[in-house]
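Heads up, the thing below is written out as structure tokens.
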Amino acid sequence: MGWLSLAIWTPILFGAVLLALGRESQAPLVRWLALVGSVISFLVTLPIYGGFKLGTAEMQFVEKAPWIERFNVNYHLGVDGISLWFVLLTAFITIIVVIAGWEVIQRKVNQYMAAFLILSGLMIGVFAALDGVLFYVFFEATLIPMYLIIGIWGGPNKIYAAFKFFLYTLLGSLLMLVAFIYLYTRSGGSFDILAWHSLPLSGTAQTLLFFAMLAAFAVKVPMWPVHTWLPDVHVEAPTGGSAVLAAIMLKLGAYGFLRFSMPILPDASREWAWLMIALSLIAVVYVGLVALVQQDMKKLVAYSSVAHMGFVTLGFFVFNDLGVSGGIVQMIAHGFVSSAMFLCIGVLYDRVHSREIASYGGVVNTMPRFTVFALLFAMANCGLPGTAGFVGEWMVILATVKANFWLGLLAATALISGASYTLWMFKRVYFGPMVNDDVRQLSDINGREFLMLALLAVAVLWMGLYPKPFTDVMDASVASLLQRVAASKLN
Amino acid sequence: MIDRFSWMAIYPELVLLVMACVIALLDLLDKRLGRPVAYILSVLTLLVLAVLSGLYASSGQTVYGFDGLVVSDPMANWLKCFAALALLVTFVYGRSYVADRGMLRGGEWFVLGLLSLLGVFVMISAGNFIVLYLGLECLTLASYALVALRRDHTTSVEAAMKYFVLGAMASGFLLYGLSMLYGATGTLDIAGVFKAIASGQIKHQVLVFGLVFVVAGVAFKFGAAPFHMWIPDVYHGAPTAVTLMLGAAPKLAAFSMAIRLLVEGLLPLAIDWQQMLGLMAIASLLIGNLAAIAQTNLKRMLAYSTIAQMGFVLLGLMAGVVNGNALSAANAYSSAMFYIVTYVLTTLASFGVIMLLSREGFESDDIADFAGLNQRSPLYAGIMAVCLFSLAGIPPLVGFQAKLSVLQALVSTNLPAYIGLAVFAVVMSLIGAFYYLRVVKVMYFDEPTSTSSISAPLDMRAVLSLNGALVLVLGIVPGALMTLCAQAIVQMLAT
């Protein structure tokens, strides 16, 4: 069993054990077991980074075994520079989420922890899968734990949100399934993603496949105009659910573009790049403005996620190495920053039980230590140099300017709107007079919360100050991807 | 191998018949002793039959008995093995349910169950129109009586009446169609009919006329729209244990009937019956999925969901012959077989949970009765959730693999119309996901209305857990069952 298999199955195994053995009365034990499980799951991903060879676009840590022989489906895993960091990011965020749910979750603790651990394994599976069916199985299976997480531990309108989440994403991915089966038929009976990369396809077929896959990935990213599920779901999901959703699940969609749409359908990708760029810019500019008027903190961060993900897709579809790398860096950075933002809201929500901006004001007076963290993450969300948020946005804007100055200018305005909505929210929540009694009685963060925020703060600063480890691994893979996109597959 | 008096080819039927008689007589001897003994004896019989059929099937032999009246090929034996297991599981799940409702008068429950299985077996092995019809009648007559087993219960009796009237009509249809085919070809032998039609000497119109009625009869057994009217009423009205008996093993018989009649007998007419199956599949997917949304009763909802699931089976069956070319036949029919076998497996577990929650004098078949099941029993809620997600076709559960193989069969025909059908089926399964999710929502997100604990006998708990686990495990490692179905179909087509 290779390291990738371990990274996938360790958390799932711990999750299964928690489900089987966990009792309501043993909640403390369940929590510790979940923490141990998530830490071990993270540790087994480290050798993948350690042993990763730079300078090659080949898949590494490849595992291949027949799975369903009748359809030539293989259990085929591997990582390249594009997927490597997401494996680590997923395992890392899972630790944070387990810590975040420590005291808050009092009901069905074992199911809560198990759902997140299993979800973590499945998402790593998505990033590591090199077989179409395997990818689809992991991609879809993530819906089940997330649906339960939102529905069981969510807010007042959780049922609406859970259904919207499930059905919206299912619609997209079912069309992708048909696209996969079509590719399987065209390739003479193979679900191997790498074989699909070199499969010649006609222009019409590419366009149809492109839109079938777009349905799946655009919903997941989410791109404007299919982003409407995200704010609803974020608002109702428990803090941990929001963090995982923003940090990793959204990346599954963006990753899909890199692994499927762009290399398999290069001609269609180039033909429809204008559309993708237009949709991305709408997300960046328009959704950024929508975020400005939100009254609910979680909704605001959700809209800001849509805007940030717009940068990611924008970077991908300008087709230069700076843009694609910038998009990937932005994905990782957004993983740290958005989950941190949601955890900060969670810290406040646990105390005051309100997500309305108007319920707060002057939090800095009662929670000074917490406000320092919140400020750091807010700055990262605006893209302040020195934080993780800056690197990706800067690379993407630079890449867009290279492609077209006016597009770049439009994208750059997002920095202003991003700073506006984040800082304005920050001002209204943390500064100003304490008008609300709840705020007067706030207690500052405890050790557990400090630990969880500190871990993320280190990651945000590290990535902002020294992004080299992140960009180094992806250079070769991005270059090879761009070669594929540039080459025509029409026959 | 043709053997004039090949008893080997019909030994499962003989064993069943003998055991049914023995169990019927047993009850006359001693009422108190009779019932547990009847239960144990039935279960043992079914277990032995399942094992023997399985062993026989894996030997890969094909035996034609009694001048081709019966066929005992691997497909038949595997289906018999699964049908016997399905009835066994039904007996285990239904044991306390049936006893609580006074349905155990004189062992009829077991005897009728075994006789209905006899009908299933005869249908599965039929090599001749008359044998097939006899099997069908044996199955349906036993089923009518089973539905009416609670004769003091109005809805059951009403359901039995409906079932009887519609079932009799469907039998009439089938018989009429078969007689037309007999008139046209001059033989009742399925292989003979195939040869006669393939010779191209027979007037197409007469054949198609007969075919329409045959397809109607097959569709009634599947419960495909527009011959689905009986399904919701009977599923709802019948005692849950009987619903399970009707919804599990007979579906395998329906599949076998479709294969024997349409593929082994009428393959040269494929272009005609494919269109019918296609239209019925579309109608089933539409009606089943849309009507299921409006249901508040879980049994009724599952009945409509069955209609939709059968639409998928029909899609698998129709993808077999493309432009008169039968190259992809094995692929398509085995996908349909895999679909129906896994459907039966999932149905067993979901109805098992419904029976588990029912207590004496209380039917727990409204969706609302499942409220907060996760808080009362995480295990049973988990099993039910696994079944529902599987029916919705969400990976990594077995229902996904089944849908994948049917879609694969459709898309690999490379015809735009078939690919369009695949997209349609996919959109319909999205609608399907909604009502399955709603039940999951009730179980996991709602507060329980009752806090009474759920108890079940040990045998039921064990079998139910195993059944639920299989739905998950077969979804993760479906390879063996898929290969088994493929080989059975290949051997069936080769002979």
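A short reminder: the numbers here are calculations on the coordinates, not readings from a lab. Everything quoted here is computed from the prediction, not taken from an experiment. Cβ coordinates were reconstructed from backbone atoms using ideal geometry, including for glycine residues, and neighbour counts include every protein chain displayed.
For segment A:404-491, the normalised intensity computed at q = 0.17, 0.19 Å⁻¹ comes to -1.11, -1.17 (log10 of I(q)/I(0), Debye sum over alpha carbons, equal scatterers, no solvent).
For segment B:102-174, the equivalent ellipsoid derived from the Cα gyration tensor has semi-axes of 24, 16, 5 Å, listed largest first.
Neighbours of B:THR483 by Cβ distance under 13 Å: Lys/Arg scored +1, Asp/Glu scored -1, total 0. Between the alpha-carbon centres of segment A:344-383 and segment B:162-228 there is a gap of 73 Å. When all alpha-carbon pairs of segment A:96-185 are counted, what percent fall beyond 14 Å? The calculated P(r) of segment A:96-185 puts 69 percent of pairs beyond 14 Å. So, in Å, what gap is there between the alpha-carbon centers of segment B:108-161 and segment A:457-491? Segment B:108-161 and segment A:457-491 have Cα centres spaced 65 Å from each other.
Note on the protein assembly as shown: dipole from Cβ charges, positive end direction compared against B:VAL120, A:GLY241, B:PRO378; the farthest Cα belongs to A:GLY241.
The residues packed around A:GLY323, meaning those with a beta-carbon under 13 Å from its beta-carbon, carry a net charge of -1 if Lys and Arg are +1 and Asp and Glu are -1. Within segment B:263-312, all pairs of alpha-carbon atoms sorted by distance into 5 Å bins from zero give the percentages 5, 24, 21, 15, 13, 10, 8, 4, 1. Based on alpha carbons, the Rg and Dmax found for segment A:3-486 are 21.3, 69 Å. Legend: translational diffusion of segment B:221-335 by Stokes-Einstein, Rh = Kirkwood radius over C-alpha pairs, 10 °C, 1.306 mPa s; D = 109 µm²/s. Around the Cα centre of segment B:256-385, unit charges on the Cβ atoms of Lys, Arg, Asp and Glu (plus for the first two, minus for the last two) sum to a dipole of about 120 debye. In this entry, segment B:44-124 is assigned a mean projected area of 5.6 nm², taken as a quarter of its C-alpha convex hull surface.
Taken about its Cα centre, the protein assembly as shown carries a charge dipole of roughly 500 debye when the Cβ of each Lys and Arg holds +1 and the Cβ of each Asp and Glu holds -1. Taking all C-alpha pairs of segment A:22-154, those more than 23 Å from each other amount to 41 percent. Can you tell me what percent of all Cα-Cα pairs in segment A:213-324 are more than 26 Å apart? The share of Cα pairs beyond 26 Å in segment A:213-324 comes to 17 percent. Put a plus charge on the Cβ of each Lys and Arg, a minus charge on the Cβ of each Asp and Glu, and nothing anywhere else: the dipole of chain A about its Cα centre is then about 300 debye. Taking label points 7 Å from Cα along the Cα-to-Cβ direction, A:LEU29 and A:GLU58 give a separation of 4.8 nm.
Taking the square roots of 5 times each eigenvalue of the Cα gyration tensor of the protein assembly as shown, largest first, gives ellipsoid semi-axes of 55, 33, 22 Å. Between the C-alpha center of segment A:131-187 and that of segment B:290-311 there is a gap of 22 Å. Each of B:ARG260, B:ARG376, A:ARG31 has some number of other Cβ atoms within 10 Å of its Cβ, and from fewest to most they run B:ARG376, A:ARG31, B:ARG260.
Computed from the alpha carbon atoms alone, the convex hull of segment B:88-233 holds 110 Å³ per residue. Dimensions of segment A:256-319 from C-alpha coordinates, computed as largest minus smallest value along each principal axis and given longest first, are 43, 19, 12 Å. Every helix of 4 or more DSSP H residues in chain A counts as -39500 (n - 2.57), and over all residues that averages to -23000 deg cm²/dmol at 222 nm. 3J(HN,Hα) couplings calculated from phi for segment A:332-340 with the Karplus curve 6.51 cos²θ - 1.76 cosθ + 1.60 (θ = phi - 60°) are, in sequence order, 5, 4, 4, x, 6, 6, 5, 5, 5 Hz; Gly and Pro show x. Could you work out, for chain B, what percent of all Cα-Cα pairs fall into each 10 Å distance bin, beginning at 0 Å and stopping at the bin that holds the largest distance? It works out to 4, 21, 32, 27, 12, 3, 0, 0, in whole percents.
Modelled spin labels at B:SER199 and B:SER455, positioned 7 Å past Cα toward Cβ, are 6.9 nm from each other.
Put in line by how crowded their Cβ is, counting other Cβ atoms within 10 Å and starting with the fewest, A:GLU63, A:GLU393, A:GLU103, B:GLU13 read A:GLU103, A:GLU63, B:GLU13, A:GLU393.
Backbone geometry of segment B:468-480 corresponds, through the Karplus equation with coefficients 6.51, -1.76 and 1.60 at θ = phi - 60°, to 3J(HN,Hα) couplings of x, 5, 5, 4, 6, 5, 5, x, 7, 10, x, x, 5 Hz, x marking Gly and Pro. Karplus-derived 3J(HN,Hα) values for segment B:171-182, using 6.51 cos²θ - 1.76 cosθ + 1.60 with θ = phi - 60°, are 4, x, 3, 4, 4, 4, x, 5, 5, 4, 5, 4 Hz; glycine and proline are entered as x. With the convex hull drawn over the C-alpha atoms of segment B:454-494, the volume per residue is 81 Å³. The ellipsoid that matches the Cα gyration tensor of segment B:280-434 has semi-axes, each √(5λ) in whole angstrom, of 32, 15, 12, with the longest given first. In degrees between 0 and 90, to the nearest 10, how far off the longest principal axis of chain A does helix A:84-100 point, with axes built from Cα atoms? So the inclination is approximately 20 degrees.
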